[in-house]
Amino acid sequence: MLSSPLPDYRLAANQTSKGRAQARAQRKNSTSGNSAECRHVLQSAESRGDQPGRSSSISEATNSSGLTAVSSSDLPPTAELVNPFLQRNGRRCLKDQSLPYPLPCDLPEIHRQTLRTMLLCQVFNGPICSPAFNAKPPKRVLEAGCGTGFWSIMCHRHFAQRGSTNISFTGLDIAPLAPRMNSDEDMNWRFVQHDLRHVPLPFRDEEFNFIMSKDMSLVTPQSGMQQELVDEYVRILKPGGTLEIWDGDHSIRMLLPHAPPSAKEDSDDSEDEELVRTNAMGTYRMTSQTPLAAPQNLFFQDYNLWVEKALEKRQLTPMPCTGFRPMLLQESENFIEVDTRRLAIPLGEVRWEREGVGGAVSSGLNGKGKAADRKSLTTGQAALRRTALVTVLQFIESLEPALREVSGKGQDEWDCWQGNMMNDMLKNNGTSWGECLEVGSWWARKRPKKL
């Protein structure tokens with residue numbers, strides 16, 4: 001049984017006078033355009049009472065939620081920043097069609113992202129996987145591509161429960177989705193509206209102790225933007241600070257029968273403790289030896305074909321997880337202590353678990369596996385897997401326009417396919433072969449300065 005339930009949440013947190021401190025950024029580019037020569041000046045104020053006549057390079061726009069969006073451009077904000085949304089295919093989407101991002105920005109998608117963040121915090125046992133802050137929390141945190149800022153709220157609560165409430169959080173996103181923080185929590189929060197395609201980012205050198213980049217693989221194309229952002233993260237991280245990346249593959253694969261590695265439950269070793277927890281949740285730690293194959297489910301086979309085509313049209317990869325560790329390792333001049341945690345979450349009850357490893361499914365015979373190898377899901381394990389399945393189905397629903405375009409299906413054909421898929425997954429245990437959601441966390445620490 002899971003050691004703790006999925007965390008409770010509210011979509012609002014307190015924006016105190018500290019949290020309302022807004023960034024004042026001024027970028028001065030040289031005539032050569034060398035971003036290395038840019039200098040940033042950040043001024044904070046305890047309130048919005050600017051002096052009359054004071055000039056500023058920051059443009060402000062307040063959306064319907066009451067949030068003050070901070071645009072980081074020297075020029076007046078474009079229409080895409082002031083009013084970045086339009087209705088497309090019945091969903092609220094980003095207006096700028098040059099963006100590779102294929103998902104909508106409406107309430108159903110926000111709910112999916114919130115549920116996914118809760119799921120990841122559960123399987124990773126908290127909002128941070130890196131051990132860098134086990135003893136001492138970070139002072140200044142940046143959530144890149146923050147969306148609603150929900151991960152920041154979870155991180156604030158995580159450390160607040162441990163007595164640390166003075167952490168400064170900054171959310172950065174092109175869309176002003178983060179709500180006004182107005183609950184009873186004392187959260188130091190600010191939001192900066194900025195297009196990540198435009199570097200340098202509107203922050204000082206060595207400003208943050210911790211940077212979280214979560215589910216950004218649908219934002220950063222393979223054309224070099226990802227490397228540009230890593231270079232910027234190195235610039236704005238303090239020496240000894242940590243960069244952490246959470247993401248997952250968008251294609252679906254199938255776990256083949258195997259016994260998960262075992263660990264001593266009474267061991268004091270942190271890796272053994274993590275493995276005990278992973279096994280207790282009914283998830284599988286992924287290594288280079290984890291056996292995986294293409295899905296047996298016909299609907300996932302269709303989906304994999306379509307999502308690969310749809311994302312490649314946008315220069316995005318359907319399987320980003322393989323690239324994060326090499327990307328961090330190649331930054332050996334800047335990063336040390338590169339590590340990762342990857343998990344496979346089955347999307348339902350798996351036949352070979354129920355029958356036992358080496359039983360009917362794994363051996364191809366009619367006999368059953370050893371009784372000790374057979375596995376029945378606890379209520380908590382079944383609920384976690386169901387949550388993972390729901391996030392996958394919601395993701396497919398959010399991708400409908402892109403998937404329908406490459407599949408060539410009309411609206412009626414798509415509705416029929418989607419209805420049959422939902423029935424197969426939710427009622428007929430269509431993921432019983434071992435189809436899974438693959439997620440991971442990758443982290444590294446910026447080299448401290450030499451004395």
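For a quick check: sort 217, 407 by the number of other beta carbons within 10 angstrom, fewest at the front.
407, 217
Please give the contour-minus-distance gain from residue 107 to residue 166: 0.36 nm per residue of separation, less the Cα-Cα distance, rounded to one decimal in nm.
My answer for the length gained is 18.2 nm.
Order by neighbour count: 340, 287, 317, fewest other Cβ atoms within 10 Å first, most last.
287, 340, 317
Of 335, 159, 300, how do they rank once you tally other Cβ atoms within 10 Å and put the fewest first?
159, 335, 300
Values in this text are rule-based calculations from the coordinates and carry no lab data. This is a predicted model, so every value here is computed, not measured. Positions of Cβ are backbone-derived with ideal geometry, glycine not excepted, and every protein chain shown enters the neighbour counts.
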